[in-house]
1. State the number of residues belonging to region 1-52 that are within 17 Å of residue 70 (Cα to Cα) and either outside the structural domain of residue 90 (by TED's automatic domain parsing) or in a helix (DSSP H, G or I) (or both).
2. Which one of these is modelled with pLDDT of 90 or more and within 19 Å of the chain's Cα centre (by Cα): 108, 87?
3. Within region 293-315, is even one residue at pLDDT below 95 and surrounded by fewer than 18 Cβ atoms within 10 Å (Cβ to Cβ)?
4. Of all the residues that make up region 303-333, how many are without any contact (Cβ under 8 Å) to a residue 40 or more places away in the chain and in a helix (DSSP H, G or I)?
5. Could you grab me the full set of residues in region 3-42 that are of a type in the set (S, T, N, Q) and crowded, with 16+ Cβ neighbours inside 10 Å?
6. Would you be able to tell me the number of residues in region 239-255 that are at pLDDT below 95 and among the acidic types (Asp, Glu)?
7. Specify the residue that is farthest from residue 133 (Cα to Cα); the eligible residues are those in region 222-253 that are part of a loop (DSSP other than H, G, I, E, B) and over 21 Å from the mean Cα position of the chain (by Cα).
Amino acid sequence: MQQVNLQGLTYFLERHEGPCLSLYQPTHRSHPENQQDIIRYKNLVKELESSLAEKYAKRDIAAIMKPFHDLGEDRDFWQQKVLDGLAILADETRFQIFTLQRQPEEFAVVSDSFHLKPLLRLTQTQDRFQVLCVTRTDIQMYEGTRDGLDQVLFADDFPEHIDDPTEEVADVPVTSYGLGPSNRQGQVMHYKGSRKDAIQTDKERFLGAVARALYNNISKEGKLPVVLVGLPENIGVFRKNNQNPYVLEHEINIDPTSLTVEQLLKKAWPVVEPVAAKRVQDEIARFKQAHGTGLANDDLENVLGAVLDGRVDTLMIDAEKRIAGKIDRENRKVELLNDFSDPEAEDVLDDLAEMVIRRSGDVKIIPSQYMPTDTGLAAIYRF
């Protein structure tokens, strides 16, 4: 299973010839609610198989659908590994499962591109944040939204642990220094000071390396707010080395090893909530200011032309809206369709979001109540 982040979606954001299969399903973590999940899943798989046979009759349908059918028979997966939602993206060479902490709209479609907006909503939503749990010798990181946190898996070269120096020197006897009774007390004090110095030095080196790696390897690209959780003496050392503008000033002073993930979320979200609200307000203010100078628009075809020209810096999309249609890139036109029952129907907003990301633009998924327009999108142009 793949973690839900923009990096994990790289393959699916690339242009594909099709068929591209996308399945989304609300799921349940516990009995008896989860008893119906497999039945609903198998019904969605039947929809995919029927659509695949209609649109891509000449392809090896059995081979493409086999991993879907295999998953339907995997009782261990359905009983132990599902969360609140399921997403599956597949083509002739890849079958990728995402377990979600937010229930998506039930949806299954076969097309020449992947339906990614529900996943983009998770990766690009303005309430997404990270939590860094800091101890003297270890760190753990989580990423998520108000709905849940997933542990971040670090790259192999990321500094996430050091050995405890006290384990190496704790049993060394004082008499090993060969001193007489008159000097023994002073030597003991010197010994303890050396141990403390070693601990402090190692901690400063370790947390300094963590601070630099966090910014260079994670925050610089992800730009998500980071909440620090740890005892004051450890967070203080981290902050002394920190130059990361995404680390929030408000911190949670508690031993992170004493918290479950659920407790961690409960403590972290109130810290992040005002920050998330301000991020949305700032984007809307940017749009309104740019609109006044002609550098923003909410018309579908106007935005399409700007996307194709690489002029879109930021595209805001209504989190709850889908628009059935087809994009004609050559003629820069959008053909709207009645609904998604049409075999040629795509989610136009989804396609535009993918195009913007491929052209190094930003996509922001905005809750409906905060959208500055009623067309489902709002674009800010570079020029």
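1. 14
2. 87
3. At the first step, the residues of region 293-315 found to be at pLDDT below 95 are none.
Within region 293-315, not a single residue is at pLDDT below 95 and surrounded by fewer than 18 Cβ atoms within 10 Å (Cβ to Cβ).
4. 1
5. Residues satisfying the conditions are 5, 22, 25, 27.
6. So the answer is 0.
7. Going residue by residue through region 222-253, those that are part of a loop (DSSP other than H, G, I, E, B) are 223-225, 231, 242-246, 248-251, 253.
The next check asks that each one be over 21 Å from the mean Cα position of the chain (by Cα); those that pass are 231, 242-243, 249-251, 253.
On the way: 231: 10, 242: 15, 243: 18, 249: 15, 250: 14, 251: 10, 253: 10 Å.
Per the stated criteria, the residue is 243.
Residue-by-condition table, conditions (1) aliphatic (A, V, I, L, M); (2) touching a residue at least 40 places away in the same chain (Cβ under 8 Å):
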residue	(1), (2)
335	no, no
338	no, no
349	yes, yes
355	yes, yes
364	no, yes
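The values are calculated or read from the model by the stated rules, or taken from the named source; none is laboratory data. Just so it is clear, the model here is predicted, and its values are computed rather than measured. Every residue, glycine as well, gets a Cβ built from its backbone with ideal geometry; the counts of neighbours run over all protein chains shown.
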